[in-house]
Amino acid sequence: MADDHATLLTRLAAIVGASHVLRDVQDVEPYVVDHRARYRGRAIAVVRPGTTSEVASVVRACAERRVGIVPQGGNTSLCGGATPHAEGNEIVLLLTRLDRVRAVDRANATITVEAGVPLVKVQEAAAAHDLSFPLSLASEGSCTIGGNLSTNAGGTAVLRFGNARELALGLEVVLADGRVLDGLRGLRKDNTGYDLKQLFIGGEGTLGIVTAAVMKLFPLPQSRVTALAAVRDVASAIALLRLAQRALGDRLVGFELISDVALVLSQQHHPGSADPLPGHAWYVLMQADDTAPDAPLEAQVEQALADGVSQGLVEDAAVAQSRDQAARLWALRENISEAQRREGPNIKHDISLPVSAIPDFLAQSERALEAALPGVRFVVFGHLGDGNLHYNLAAPAGVAPEAFMTSLGTANRIVHDLVNAAGGSISAEHGIGQLKREELRHYKSPLEIELMQRIKGALDPAGILNPGKVI
């Protein structure tokens, strides 16, 4: 085996250059530990190709020896989807050198980017041409567009623009045998058979390796209004959502739900955070954009909130009066995950439900979890507009977070059973990776699992692409 690996490493060095084949422990270490430090693996090497052609050659070399390939971008996976296994018989294929913006087509409102371009750089490249790329995540400074596509990332603007899947028009993909599928077409309409790109979006690198994509762009907003509203309960938040949608239409871009526990945790771990509406049980963070110049957007948002007050839905509200104030309000929401990390290990659920089912789910799950795990703390936040909750559980006061993690199985079964019963999903935007692989088998029907396995077998018969992930 060692001789086989040595031969492979020699060939890989010839493909990408010796300096781009990392083998020393200290060089490899950052790429074999996941973002949450939940998974730690080993790798034969970390290989850094710089072009699609090099990716294809690396894949062919590994395919000949049946060596597993773990594609990785910004290493921000929350489910261990980009982390190799402990056996150390895989390579990590690091795609961050594929970092070119290949083209911006202003008339067609598209941008063609390579997989290793950080999300924030895609946004900036679009803005330089007076256009907007609306995908927005807390990790946008480090996550890459390839990773966003491989997990079908969501984020804060899904209500208006949809997940990564809805933003992708065409893909370039290296297949498991090293052939390159060139589907970089910027077409809104193309009914020439199966839409193959949809197999790879959300596939977490198990069916093919995305190396470039054509993504939709939109007009730049000319005005933007951000507001924080305090509400009594989640039913009131949902009623406010419907009110805001009627008042603002598709100008309502984001509608985030934040519990008091989540907000306080964010503030505690980020001194100097904004605190405009203290002392309420639930909060909604709203964002509305308008592409028309001189639109009376702020007045319309304020009227919607005033209507919410008069209808008993809103207890108090604050509307940002500057970009800095808006950024400080968004920081409250975006800093929650980091605050949880600093607090210690916690049990996380990335779930989606019909919006109408959320209040009953929250009530039922709280009762069941309190009975099973007395004193558990509920850190709940998420994208209420599209039914996606980050339903996280922290250790009771006085209980070590590490000890609380032994309750993971109990908590998952309670939460996921209730989600399933309500017609929801156990993974809304973070993917499956290693973390939810067995849970997927528990909740997917046998026929769905069979079809997924048949697709995997057809596209990756040797099982070398991101082995042990998803399916």
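Brief remarks on what is shown
- Between E302 and E343, the modelled label-to-label distance comes to 3.5 nm, taking each label 7 Å out from Cα in the direction of the beta carbon.
- Here the calculated FRET efficiency for D177 and E402, from their Cβ-Cβ distance with R0 = 51 Å, stands at 0.70, rounded to the nearest 0.05.
- Percent of Cα-Cα distances greater than 16 Å, calculated over region 72-115: 56
- Ratio Rg/Rh, restricted to region 329-402 and using Cα atoms, in which Rh is the Kirkwood radius: 0.98
- Legend: ranking of residues E204, E450 from fewest to most surrounding C-beta atoms inside 10 Å; resulting order E450, E204.
- Over the chain, DSSP H runs of length four or greater, each weighted -39,500 (n - 2.57), average out per residue to a 222 nm ellipticity of -10500 deg cm²/dmol.
- Three-way shape label, region 223-337, alpha-carbon gyration tensor, a/c 1.5: oblate
- Label-point separation, S19 to E166 (7 Å along Cα→Cβ), nm: 4.4
- Residue order for R11, R251, R342, fewest other beta carbons within 10 angstrom first, comes to R342, R11, R251.
- Whole-Å semi-axes of region 13-145's equivalent ellipsoid (Cα gyration tensor): 29, 18, 11
- Neighbour cut-off at most 12 other Cβ (10 Å), DSSP loop, trypsin sites (Lys or Arg not before Pro), region 69-141: R106
- The distance linking region 409-424 with region 356-390 is 10 Å (Cα centroid to Cα centroid, whole angstrom).
- All C-alpha to C-alpha distances of the chain, sorted into 20 Å bins beginning at zero, yield P(r) values of 23, 55, 21, 1 percent in whole numbers.
Laboratory data are not the source of any read-out in this text; all were calculated from the coordinates shown. Note that the structure is a prediction, hence the values are computed from the model and not measured. Note that each Cβ is placed from the backbone with ideal geometry, even for glycine, and that neighbours are counted across all protein chains shown.
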